[in-house]
Amino acid sequence: MSALDGRPDAEPGCLILTGMPGAGKSTVAPLVAAHHARAARVNGDVLSYMVERGRVGFNGTPAEESRRQVLLCARNMCSLAANFADAGITPVLEHVVADREVLDLMTGLLRPRPVRFVVLAPSPEVCERRNAARAPEERIDYPIAPLYRAMEEKLGGVGWWLDSSDLTPEETAATIAAHAAEKATL
């Protein structure tokens with residue numbers, strides 16, 4: 001149940017919320033969580049920055065280490081999410097899931113719990129504009145459009161691609177909360 005009635009959700013599904021940088025993941029995730037009686041936000045950026053020495057970011061170099069850390073972050077996110085779901089708390093996992101290997105790893109680790117996959121998909125231009133409006137230390141320094149095309153190529157048709165270009169964060173969260181079970185279940 002998604003009502004704010006103080007009771008745990010009947011069957012806490014795990015919601016994976018992804019999208020390009022600037023899509024609104026960090027803004028929308030806590031708003032989606034607020035639609036559930038009990039929910040936890042599992043932020044992949046927070047977990048990836050727990051690597052104090054030797055951290056290699058998404059798309060970083062060397063590529064092999066970057067990939068290893070992306071997969072480690074996914075495993076850590078799913079471990080936390082599974083613990084929350086098993087305790088009756090709906091986890092909202094928030095991070096860039098850029099390809100099928102990472103998504104398959106995550107869904108495999110989260111099963112048999114219900115898994116919902118939502119891609120926030122505002123236009124690349126909207127993502128670029130939002131990225132430019134961020135504080136300098138929060139901006140990504142690579143073009144978003146190629147990542148968007150790569151995600152479409154690797155994940156197009158998987159889950160629910162929600163074009164939130166013309167929606168407020170609150171409208172986006174309400175739409176996800178109302179329709180994720182029917183549109184985003186994997």
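Things to note:
- Listed by first and then second residue, the pairs with beta-carbon distance under 8 Å, at least 6 apart or on different chains, first residue in region 66-85 and within 12 Å of residue 107 (Cβ to Cβ), second surrounded by fewer than 16 Cβ atoms within 10 Å (Cβ to Cβ) and not small (Gly, Ala, Ser), form an empty list.
- The combined condition, being touching a helix residue (DSSP H, G or I) at 6+ places or on another chain (Cβ under 6 Å), part of a helix (DSSP H, G or I) and polar (S, T, N, Q), is fulfilled by residue 172.
- Residue match in region 135-151 (condition: under 21 Å from residue 180 (Cβ atoms) and surrounded by 14 or more Cβ atoms within 10 Å (Cβ to Cβ)): yes
- Filtering region 135-169 to residues that are in a loop (DSSP other than H, G, I, E, B), under 15 Å from residue 24 (Cα atoms) and over 16 Å from the mean Cα position of the chain (by Cα) leaves 135, 139, 140, 165, 166, 167, 168.
- Yes/no for residue 98 being at pLDDT 95 or above and in contact with a Leu (Cβ under 9 Å, 6 or more places away or on another chain): no
- Hits in region 20-78 (condition: assigned to a strand (DSSP E or B) and over 12 Å from the mean Cα position of the chain (by Cα)): 39, 40
- Extreme residue, surrounded by the most Cβ atoms within 10 Å (Cβ to Cβ), among residues of region 48-80 that are among the small types (Gly, Ala, Ser) and in contact with a helix residue (DSSP H, G or I) (Cβ under 6 Å, 6 or more places away or on another chain): 74
The values are calculated or read from the model by the stated rules, or taken from the named source; none is laboratory data. Owing to the predicted nature of the structure, the values given are computational and were not obtained by experimental measurement. With ideal geometry, Cβ positions are generated from the backbone for all residues, glycine too; neighbour counts draw on all protein chains shown.
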